[in-house]
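Written below as structure tokens is the structure these notes are about.
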Amino acid sequence: MRVLLRDFLRVFSTVFLALVVLPVRSDEVPFAQPAPSPNAHGDSYAVSLSDAMQLTQLRHIKLWLAGKAKNWPLASYELAQLRDTFNKAAILYLNIPVPYIAAAVQPLVVLSDAVTAKDAAQFQRGFKALQAACNDCHKAADVSFIVIQTPTASVFPDQSFAPAR
Ligand code: HEC
């Protein structure tokens, strides 16, 4: 009886793993395979795309908070960080279709112009366009359940977004 239960558990956990865990592994996501690694074992030291996206998410929030507070130097800094993360992702993940990267980079240019001109209305338009590019790529990458919206609150209690005096 005990053997049967153990066998059952083993079969159950294998089936469970196959059905539940494997389909959501990040290497199943179409764009999330890194470029082939130069090292002999084929191991990759590349940051995973989902980790790069977590950074993107934090910077997306900080960019919004900075723009809302009209803290233009901080907004400019966060824009540069976002651009850097996108560039790295594009270099590491060669099978992300270029148009989706270009669609995300273009609003960054609009945002950059808005920041230089200290134009809050243009900043809002650029931010909406960026958000649309995030979600368009997620749809194309079969992760349409990752929906980006305008931040509703600050998650950074230790950072002031007010312009420095
Ligand atoms: C060019 C394509 C592309 C663009 C543009 C893009 N993403 Fe992503 N994003 C992905 C892919 C692919 C994944 C899934 C990665 C994985 O699971 O390996 C992802 C995953 C995520 C995740 C989930 C990460 C996690 O581990 O929870 C977040 C959050 C995210 N993206 C935020 C953003 C934000 C914010 C933007 C825009 C500022 C953005 N993404 C733009 C392709 C993109």
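The values are calculated or read from the model by the stated rules, or taken from the named source; none is laboratory data. These numbers were taken from a predicted model, which means no experiment stands behind them. We place every Cβ from the backbone using ideal geometry, glycine too, and count neighbours over all the protein chains shown. Protein only, heavy atoms only, side chains kept; ligands, DNA and RNA dropped before computing areas. Shrake-Rupley method; radii C 1.70, N 1.55, O 1.52, S 1.80 Å.
Charged neighbours of His60, selected by a Cβ distance under 14 Å, balance to +3 (K, R count +1; D, E count -1).
Work out, step by step, the length gained on full extension between Ala120 and Ala140: first 0.36 nm times the residue separation, then minus their alpha carbon distance; give nm to one decimal.
Contour length minus the Cα-Cα distance gives 4.2 nm.
Solvent-accessible area assigned to carbon and sulfur over segment 49-140 amounts to 60 percent, based on a 1.4 Å probe. Fully extending the segment from Ser112 to Ala90 would add 5.9 nm, taking 0.36 nm per residue of separation and subtracting the current Cα-Cα distance. In order along segment 84-89, the phi-based Karplus estimate (6.51 cos²θ - 1.76 cosθ + 1.60, θ = phi - 60°) of 3J(HN,Hα) comes to 4, 5, 4, 4, 5, 4 Hz; Gly and Pro are listed as x.
Fully extending the segment from Ala132 to Ser160 would add 7.4 nm, taking 0.36 nm per residue of separation and subtracting the current Cα-Cα distance.
For Lys118, the lysines whose Cα comes closer than 30 Å to its Cα, not counting residues fewer than 8 places off in the same chain, are Lys62, Lys68, Lys70, Lys88, Lys128. Each residue of segment 98-109 was assigned a 3J(HN,Hα) from its phi angle through the Karplus curve 6.51 cos²θ - 1.76 cosθ + 1.60 (θ = phi - 60°); the sequence is 3, x, 6, 6, 4, 5, 8, 6, 4, x, 5, 5 Hz, with glycine and proline shown as x.
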